[in-house]
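The block underneath contains the structure these notes are about, expressed in structure tokens.
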Amino acid sequence: MKAAIYNPYLDTLGGGERYSMAVATALFDVGYQVDVQWEMSDIKRKLEDRFGIVLDGVNFVPDVKRGDGYDICFWVSDGSIPTLKARKNFLHFQVPFDDVNGKTLLNRMKLFRINKIICNSNFTKSFIDKEYGVKSIVIYPPVDVEKIKPKRKEKMILSVGRFSQLKQAKRQDVLIEAFKKLYDKGYRDWRLVLAGGVEVGVGNYIEKLKKMAEHYPVEIFQSPDFKTLKDLYGRAKIFWSAAGFGINEEKEPERVEHFGISVVEAMCAGDVPIVLFAGGHKEIISEGINGYGWTTIGQLIKKSIKLINDRILFKGVMKEAIETCNKYGYEQFRTSIKKIL
């Protein structure tokens, strides 16, 4: 049995790319020969280093021919509907595309060849179903719950996300401004760590962040490997995210967090998340139980201070955060993939 996978964004090494490689691994585990379309010779090593996965059973080939000659084709959409040719075809949306003329006659004809449309969250699904006139299913991204564990906690606030300034910015600049205010309120034994990929769309953003953070304990990790990320997750106490800050999610859904895999990874390590309450974050966080949401910088600072000053509260929310992440494990993901086969 042969399976083909196509993702036009593999070199960005983000959450959607981790998702695609998890599909590749799941298909290999159930007996498929897996071919991934990509021409860069070093992409396999980069994916393994960034995500801490083994892709020994996965081949990278120049062209999977839209699934022609394959039993399975898993295709990540860039907003368009491809004409797929495998025996069974699965179209994946990791972005909530909106206002792209999804219901054209040509698209409806192409959709006859698609067996299932898969989304990474209910947030994404709500826009995809409306835009294309379909009924998609949700399979949440998997998190390596076995490898990401709590360590000896330090007074560290962590944020993990690409530094790209293209379509979806993670707004590390907002987090630096918030941390400076927190620090100036007397919390001078805390530090902020920002980690993320710098492969595409960064420009001079890193230099801008460094200038903003002058004279404050802010560290920046550029394109860290999985081992480094695990260590940072393990030692951090609090996890921040500002992805989508200042965006109207109904008008520009592609610019807020579509799911938030780094949030779940942080929860596995016992970091208490305080994240912008928008997009896919709302599916992960139960306010005051396994984390907190915020909409203003003032709320972010206030909720952080509350956690810092209340050890009993912190331990309770931390415990619930760890419990929550278990439902996003790889075994659950593989079971979901097997069901649609």
Answer yes if at least one residue in segment 11-21 is more than 16 Å from the chain's Cα centre (by Cα) and assigned to a loop (DSSP other than H, G, I, E, B), and no otherwise. no
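Residues of segment 206-219 being in contact with a helix residue (DSSP H, G or I) (Cβ under 8 Å, 6 or more places away or on another chain) and of a type outside the set (A, V, I, L, M, F, W, C), which ones?
Hits for segment 206-219 are K208, Y216, P217.
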Which of the residues spanning segment 77-87 are within 14 Å of K65 (Cα to Cα) and either crowded, with 19+ Cβ neighbours inside 10 Å or not β-branched (V, I, T) (or both)? P82, L84, K85, A86, R87
Among the residues of segment 229-284, count how many are assigned to a loop (DSSP other than H, G, I, E, B), closer than 25 Å to I53 by Cβ and either in contact with a Gly (Cβ under 7 Å, 6 or more places away or on another chain) or of a type in the set (F, W, Y) (or both). 7
Strands (runs of 3 or more DSSP E) wholly inside segment 88-202 containing at least 2 residues that are more than 30 Å from S336 (Cβ to Cβ) and modelled with pLDDT of 95 or more: 156-160, 191-196
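Let me confirm something: among K65, K46, K85, which residue is charged (D, E, K, R), farther than 22 Å from N120 by Cα, assigned by TED's automatic domain parsing to the domain that holds F28 and within 22 Å of the chain's Cα centre (by Cα)?
The conditions single out K46.
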Across segment 26-48, the tally of residues that are crowded, with 16+ Cβ neighbours inside 10 Å and of a type outside the set (A, V, I, L, M) stands at 8
Pairs under 6 Å by beta carbon, first residue in contact (Cβ under 8 Å) with a residue 24 or more places away in the chain in segment 318-341, partner in a strand (DSSP E or B) and surrounded by fewer than 20 Cβ atoms within 10 Å (Cβ to Cβ), six or more apart or different chains? I340/K116
In the list G291, G234, G244, G279, which residue meets the criterion of being of a type in the set (G, A, S), surrounded by fewer than 23 Cβ atoms within 10 Å (Cβ to Cβ) and in the same structural domain as V218 (by TED's automatic domain parsing)? G234
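The values are calculated or read from the model by the stated rules, or taken from the named source; none is laboratory data. Because the structure is predicted, anything quoted here is derived from the model rather than measured. Positions of Cβ are backbone-derived with ideal geometry, glycine not excepted, and every protein chain shown enters the neighbour counts.
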